[in-house]
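Okay, so here's the structure we're looking at.
The values are calculated or read from the model by the stated rules, or taken from the named source; none is laboratory data. Given the structure is predicted, the values throughout are model-derived calculations rather than measurements. Here Cβ is always computed from backbone atoms with ideal geometry, including for glycine, and neighbour counts include all displayed protein chains.
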Amino acid sequence: MEHLCIGSYVRVMTSCAISAERKFDPFCEKIFLSLCDEGAKVFSYKAADGFEVTYSPTNFSKIHSAAQNLPTEIMQMALRKDAHDIERYFIAEIIPALEEARKKNAVLALKNIIVKDKNIADTTQLGTLRNLTKKELMDKNEFILSEFLTDIFIYAVAKTDNTTDSSFTKSIKKNFYAVYSSMRDTITFYEVSRPKAVAAIPLTIKGSFNHVFTPISRETLSISANHDLQIFCLKFDDFDFDYHGLWRYLRNNIGYYVYSRVQINRYVIEEEIASLAYDAIAHIKKFIEKNKLQSENSLGELLLYIFLEQVLQAPKLMSKVELRNHNDLISSESSGIHLLTANTDVTFSQLILGVSMLNTSLTEAIDAAFADAQKLKSRKKDERSFVESSIFNGAFPSDICEQLESIILPSESVEKKPATAFGLFLGYTLGDISKSGKSINIYQRDAIAQIKNDILNNVPYIESKIAQYGLDGYSLYIYLLPFTDVDNDKKDIMNKLLQTEESKT
C-alpha cells in the first residue's frame with residue numbers, strides 16, 4: 001500500500017535528482033538542511049536537554065529506509081520555521097538538484113502516493129504555504145513546483161509516521177521516476193515571476209484564493225524593472241464562470257477591505273467580528289449614495305486588493321474606501337495602496353499605487369489603466385502622503401505602526417524610502433466561445449486556450465503603453481481576469497454583494 005512519509009518523500013526526490021545527487025544519505029541531509037539556519041552545512045537539531053545533536057549518515061539511512069521515526073524536535077522544527085524560508089531554500093538548493101525532465105515525475109509520484117494513501121483522509125490539509133486538501137489534490141493538474149514540494153515536505157516531516165508500511169518505502173528505487181514519464185503531459189507547472197515577498201505586516205484577506213481563481217498563464221515583459229504579468233480565470237461552473245464562489249469570497253473579505261487594521265481589531269476585541277461584513281456593506285452603500293457613485297465601479301477596486309495581497313503577497317496599507325474617507329484637501333487618485341517587501345539578490349521595499357479598470361474591450365481597459373497609472377506617477381508624492389499621515393493617525397496597531405514607520409519613513413542614516421511601483425487589475429469581456437456540440441471539458445479547454453491567447457496577443461500592446469507613459473523604469477504588477485460580460489456581471493455581482501436588488505449571479 002502506498003504511504004507518504006518522510007522516507008518515501010526523500011526516495012521519490014532522490015529518484016528524480018541529477019546523477020551527482022542520486023545518493024540517498026547526502027540528498028536526504030540536503031533536503032533536511034532546509035530546516036536549519038541559513039548557511040548550515042551539517043544537519044543538527046536542539047534536543048530537549050538543550051544539547052545540539054548532529055545527524056549522521058546512519059541516522060539518515062534509517063530515515064529513508066523507514067526504520068525509525070524522526071525525533072519530536074525535528075518535527076517541531078518543520079512547524080516552527082517560516083514556510084517561505086523553507087521554500088526559498090528549495091528554490092535555491094533542491095529544485096536545481098532535480099533533473100529537469102524529472103521534475104514533473106516527482107510531482108506525479110508524490111500526488112499518486114498521497115491519493116492512494118488510505119491513512120490520509122480526503123479532508124486532510126496538506127498545505128502550509130497554500131491551502132490544499134487531499135480531495136483537492138485528486139483533481140489538481142497545475143502546480144507551482146516550489147510550493148508543492150515545500151508543502152508536502154513539511155507535511156511529511158511533521159504529520160506522518162515514517163515506520164508505517166516500510167516495505168513500500170523501501171520499494172522506491174532510484175529508477176522509480178520512470179513509472180511516471182509517460183504521464184508528464186497531464187500536469188503543468190505554473191511559475192511565479194514576481195519576486196518572493198516577505199510580508200512586513202500581516203496580510204488581511206481570509207479564505208483560499210485558489211478555491212476561487214485559477215492561474216492560466218504569465219508572460220515576460222521586455223522591461224528592466226521587476227514585474228509580474230499574469231492572467232487568471234474564475235473556477236468554472238460547467239459552461240459558466242463560478243460567480244457564486246466569487247461573491248462568497250468578496251462577502252467574506254469586504255470588511256477587511258473597507259476597514260483599517262485598528263478598526264478590525266476593535267471588532268475582534270468587542271467580539272463583534274460577525275458584524276464586520278454587514279457593517280462594511282452598509283458603509284459602502286452609504287458612501288455610494290452620498291457621493292452619487294456607481295456601485296459596480298467598486299468591484300475592480302476590490303479585486304485589485306485581492307490580487308495584490310494574494311498573488312503578489314503585498315499587504316494592504318489603505319484601500320480605495322479608506323483613501324476616499326481621508327479628510328485632506330487633496331483627494332487620492334489611487335485604487336488602493338499596498339506595500340511589497342521582496343527578497344531578491346538585493347532586498348527591497350516598494351509602495352504600490354493601484355489602478356483598477358473594468359472594460360468590455362481588453363485593449364480599452366489597457367489604454368485607460370495605463371493612462372491612470374501615468375497620472376499616479378505624476379502625483380506620487382501626494383499619494384505617499386496619505387500613507388505617511390495614516391501611520392500617525394491611528395490606522396495601524398502600535399507594533400505595525402513602528403514597522404511601517406521604519407520602512408516608509410526611515411531615518412536619513414538608515415535605508416532609503418521604498419520605491420514607487422504600480423499594480424494594475426484589468427477585467428474584460430471574454431470573446432464568444434461556441435458551446436454547440438461540445439462537452440463541458442472541451443468547452444472549458446477552449447475557454448482556457450482563448451484566455452491564454454488574450455494575454456499573449458496583448459503583450460506588445462502593454463509594452464507600447466509602458467513606453468508611451470515612461471513607466472519602463474518602474475516595477476509593474478499586472479493581473480488580468482476575464483468575465484462573461486463584464487458590464488452586466490459587475491452590476492450583478494455588486495448588487496448581490498451590497499444587497500441592493502435582485503441579482504442574476
**Request:** Tell me, please, whether a residue that is on the phi < 0 side of the Ramachandran plot, surrounded by fewer than 22 Cβ atoms within 10 Å (Cβ to Cβ) and in a loop (DSSP other than H, G, I, E, B) can be found in region 148-159.
**Result:** no
**Request:** Out of the residues in region 473-505 that are of a type outside the set (A, V, I, L, M, F, W, C) and in a strand (DSSP E or B), state the one that is surrounded by the most Cβ atoms within 10 Å (Cβ to Cβ).
**Result:** Tyr477
**Request:** Kindly indicate whether any position in region 424-434 is hydrophobic (A, V, I, L, M, F, W, C), loosely packed, with under 14 Cβ neighbours inside 10 Å, in contact (Cβ under 8 Å) with a residue 24 or more places away in the chain and within 30 Å of Lys491 (Cα to Cα).
**Result:** no
**Request:** Determine which single condition Gly423 fails, assuming it passes every other condition in (1) modelled with pLDDT under 90; (2) in contact with a His (Cβ under 8 Å, 6 or more places away or on another chain).
**Result:** (1)
**Request:** Looking only at region 85-100, decide whether some residue is more than 23 Å from His3 (Cα to Cα), assigned to a helix (DSSP H, G or I) and of a type in the set (Gly, Ala, Ser).
**Result:** yes
**Request:** Test Val115 against the stated conditions and say whether it is surrounded by fewer than 18 Cβ atoms within 10 Å (Cβ to Cβ) and part of a helix (DSSP H, G or I).
**Result:** yes
**Meets criteria (in contact (Cβ under 8 Å) with a residue 60 or more places away in the chain, touching a Lys or Arg at 6+ places or on another chain (Cβ under 6 Å) and under 28 Å from Glu296 (Cα atoms)) for Leu476** = no
**Item:** Evaluation of Gly470 against (1) touching a residue at least 24 places away in the same chain (Cβ under 8 Å); (2) assigned to a helix (DSSP H, G or I); (3) within 28 Å of Ser319 (Cβ to Cβ) (one fails), failing number
**Value:** (2)
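Residue check: is Asn69 in contact (Cβ under 8 Å) with a residue 24 or more places away in the chain and under 23 Å from His3 (Cβ atoms)? Give the steps one after another, and end with the answer.
Numbers: in contact (Cβ under 8 Å) with a residue 24 or more places away in the chain: yes; under 23 Å from His3 (Cβ atoms): yes.
The answer is yes for Asn69.
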**Asked** Do we have any residue at all in region 38-59 that's surrounded by 12 or more Cβ atoms within 10 Å (Cβ to Cβ), in a helix (DSSP H, G or I) and free of Cβ contacts under 8 Å to residues at least 60 places away in the same chain?
**Response** yes
**Message:** Kindly evaluate Asp237 against the criterion of being without any contact (Cβ under 8 Å) to a residue 40 or more places away in the chain and under 26 Å from Leu426 (Cα atoms).
**Reply:** yes
**Prompt:** Does Tyr257 fit the bill of being among the aromatic types (Phe, Trp, Tyr) and touching a strand residue (DSSP E or B) at 6+ places or on another chain (Cβ under 6 Å)?
**Reply:** yes
**Asked** Between residues in region 260-286 that are assigned to a loop (DSSP other than H, G, I, E, B) and residues that are of a type outside the set (Lys, Arg) and surrounded by 18 or more Cβ atoms within 10 Å (Cβ to Cβ), which pairs lie under 6 Å by C-beta distance while being six or more apart or on different chains?
**Response** Ser260/Ala395
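Residues checked against (1) among the basic types (Lys, Arg); (2) under 30 Å from Ala467 (Cβ atoms); (3) surrounded by fewer than 17 Cβ atoms within 10 Å (Cβ to Cβ):
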{"site": "Pro202", "(1), (2), (3)": "no, no, yes"}
{"site": "Ser208", "(1), (2), (3)": "no, no, yes"}
{"site": "Pro215", "(1), (2), (3)": "no, yes, no"}
{"site": "Arg218", "(1), (2), (3)": "yes, yes, no"}
{"site": "Asp228", "(1), (2), (3)": "no, yes, no"}
{"site": "Glu271", "(1), (2), (3)": "no, no, yes"}
{"site": "Ala277", "(1), (2), (3)": "no, no, no"}
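This table checks each residue for (1) closer than 19 Å to Ser181 by Cα; (2) modelled with pLDDT under 95; (3) of a type in the set (A, V, I, L, M, F, W, C).
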position	(1), (2), (3)
Ile95	yes, yes, yes
Glu100	yes, yes, no
Ala106	yes, no, yes
Ala109	yes, no, yes
Asp117	no, no, no
Ile120	no, no, yes
Thr128	no, yes, no
Thr133	no, yes, no
Phe143	yes, yes, yes
**Message:** Conditions first: (1) out of contact with any Lys or Arg (no Cβ under 9 Å at 6 or more places or on another chain); (2) among the β-branched types (Val, Ile, Thr); (3) within 25 Å of Ser298 (Cβ to Cβ). Thr500 passes all but one, so which condition is the exception?
**Reply:** (1)
**Message:** Give me the residue from region 10-28 that is charged (D, E, K, R) and either assigned to a loop (DSSP other than H, G, I, E, B) or modelled with pLDDT of 95 or more (or both) and, out of that set, surrounded by the most Cβ atoms within 10 Å (Cβ to Cβ).
**Reply:** Arg11
